[in-house]
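K.L.:
Quick one: the structure is below, and I'll ask about it shortly.
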Amino acid sequence: MACSVIAIDGPAASGKSTVAREVAARLGYAWVNSGAFYRALTWWMLREGRDVREDRLASIEARANFDGTEARLLVDGMDVRQHLRDPEVNRHVSPVSQLPIVRAIVGRELRAIAAGRDCVIEGRDIGTCVFPETPFKFYIDASPEERERRRREQGESDSILERDRLDTGRTVAPLEPAPDALHLDTTCLSIEEVVRRILAAIAAPRAG
Ligand code: C5P
């Protein structure tokens with residue numbers, strides 16, 4: 001039987017990661033944060049310097065690794081998790097994510113991870129571009145004020161509204177809800193309530 005993918009898309013600081021991790025834990029699925037894959041490649045490119053060429057990017061070894069709970073992208077064999085939230089990475093991740101070669105690498109590795117296990121995958125284009133065939137699509141949002149408040153509370157320097165603008169406005173795989181995604185606004189909902197609604201939607205028999 002084919003493995004299941006639960007796609008959770010939405011803007012920055014909407015609550016995706018907390019919800020995706022919890023849904024994955026309750027179902028015993030792998031948790032895959034695709035933003036972390038883009039961040040790992042961004043960190044690698046910043047380290048290489050400004051003029052990374054496409055062919056160099058195409059030749060790097062980027063492999064998704066599953067540790068029993070979470071999938072991570074190893075770049076040239078390195079696990080760079082301690083750098084994923086660096087201010088420099090926050091600043092550059094949206095432009096880097098627009099490069100077709102970068103999207104191709106991440107898309108390939110997401111599909112490889114999902115080929116072998118059931119997954120909850122969070123991101124911007126999971127339901128629209130990477131796994132449009134999955135029946136389990138969710139779009140999580142919250143008001144811009146609430147999202148900025150959450151990010152401030154995490155003590156991070158991250159211009160989330162600017163990232164949203166770039167992610168929404170790009171021509172390749174823009175941030176947008178899939179037509180058949182269930183929308184959840186987390187501004188006034190607890191994590192538990194969002195998780196409960198997702199689990200209920202997955203369990204409900206689908207029309208058609
Ligand atoms: O989810 P997170 O905020 O960590 O994502 C960082 C960035 O990675 C996003 O702002 C976006 O530019 C990019 N991204 C993407 N497609 C995804 C996931 C993340 O372009 N599926």
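K.L.:
Find the Cα radius of gyration of region 58-138, compare it with 2.2 N^0.38 Å by division, and give the number to two decimals.
P.N.:
Numbers: Rg = 13.3 Å, N = 81, 2.2 N^0.38 = 11.7 Å.
Cα Rg divided by the expected 2.2 N^0.38 Å: 1.13.
K.L.:
Quick check: pseudo-label points 7 Å beyond the Cα along Cα→Cβ at HIS92 and ARG149, how many nm apart are they?
P.N.:
My value for the distance between the label points is 3.4 nm.
K.L.:
Could you pull out every residue, at least 5 positions away or on a different chain, whose amide H is within less than 5 Å of the one on GLY123? Hs are placed 1.01 Å off N in the peptide plane, and Pro or chain starts have none.
P.N.:
ILE8, ASP9, GLY10
K.L.:
Which of the three applies to region 8-151, rounded, prolate or oblate, going by the alpha-carbon gyration tensor with a ≥ b ≥ c and a/c under 1.5 meaning rounded?
P.N.:
Oblate.
K.L.:
What is the distance, in nm, between label points placed 7 Å from the Cα along the Cα-to-Cβ direction at CYS3 and at GLN82?
P.N.:
2.9
K.L.:
For ILE191, ILE105, which order do you get if you count the other beta carbons within 10 Å of each Cβ and list the fewest first?
P.N.:
Taking fewest neighbouring Cβ atoms as first place, the list is ILE191, ILE105.
K.L.:
Moving to a separate point now. Each residue of region 97-103 in turn: what ³J(HN,Hα) in whole Hz from Karplus with 6.51, -1.76, 1.60 and θ = phi - 60°, glycine and Pro shown as x?
P.N.:
Rounded to whole hertz, the list is 5, 7, 6, x, 5, 5, 5.
K.L.:
Taking amide hydrogens as modeled 1.01 Å from N in the peptide plane, which residues meet the under 5 Å criterion relative to ARG170, leaving out close sequence neighbours?
P.N.:
HN-HN under 5 Å from ARG170: LEU175.
K.L.:
Which of the GluC sites (Glu not before Pro) found in region 114-152 are loop residues per DSSP with 14 or fewer other Cβ atoms within 10 Å of their Cβ?
P.N.:
In loop regions of region 114-152 (DSSP not H, G, I, E or B), the sparsely surrounded GluC sites (Glu not before Pro) are GLU133.
K.L.:
Then there is this: Just want the ordering: ASP55, ASP79, from fewest to most Cβ atoms lying within 10 Å of their own Cβ.
P.N.:
Ascending number of Cβ neighbours within 10 Å: ASP55, ASP79.
K.L.:
Taking the Cβ of each residue in MET78, MET45 as the centre, tally the other Cβ atoms inside 10 Å and list the residues starting with the fewest.
P.N.:
Fewest to most other Cβ atoms nearby, the residues stand as MET78, MET45.
K.L.:
Considering only DSSP beta bridges where both residues belong to the chain, give the percentage that are antiparallel (nearest 5). Please report the intermediate quantities before stating the final value.
P.N.:
Numbers: 6 of 25 bridges.
Beta bridges within the chain, antiparallel portion: roughly 25 percent.
K.L.:
Round to the nearest 0.05 the FRET efficiency obtained for SER157 and ALA204 when R0 = 41 Å and r is the Cβ-Cβ distance.
P.N.:
0.50
K.L.:
Per-residue HN-Hα couplings for region 119-127, Karplus 6.51 cos²θ - 1.76 cosθ + 1.60 at θ = phi - 60°, whole Hz, x for Gly and Pro?
P.N.:
Along region 119-127, the couplings run 9, 9, 10, 10, x, 10, 10, 5, x Hz.
K.L.:
Consider a paramagnetic label point 7 Å from the Cα of THR187 along Cα→Cβ; state which residues of region 120-150 have an amide N under 16 Å from it.
P.N.:
The answer is 140-150.
K.L.:
Taking a spot 7 Å from the Cα of THR171 along the direction of its beta carbon, which residues of region 88-130 have an amide N less than 17 Å from it?
P.N.:
Answer for this model: 95-104.
K.L.:
Sticking with this one: Classify region 105-208 from the C-alpha gyration tensor, please: rounded if a/c falls under 1.5, else prolate or oblate depending on whether a/b exceeds b/c.
P.N.:
Cα axes put region 105-208 in the oblate bin.
K.L.:
Where in the chain lies the longest segment free of trypsin sites (Lys or Arg not before Pro) that are both loop residues by DSSP (not H, G, I, E, B) and have at most 11 other Cβ atoms within 10 Å?
P.N.:
That gives 54-205 as the longest site-free run.
Here, each number is a calculation from the coordinates, and none is a lab measurement. Values in this document were obtained by computation on a predicted structure and should not be read as measured data. Quick reminder, even Gly has a Cβ in these numbers, built from the backbone with ideal geometry, and neighbours come from all protein chains shown.
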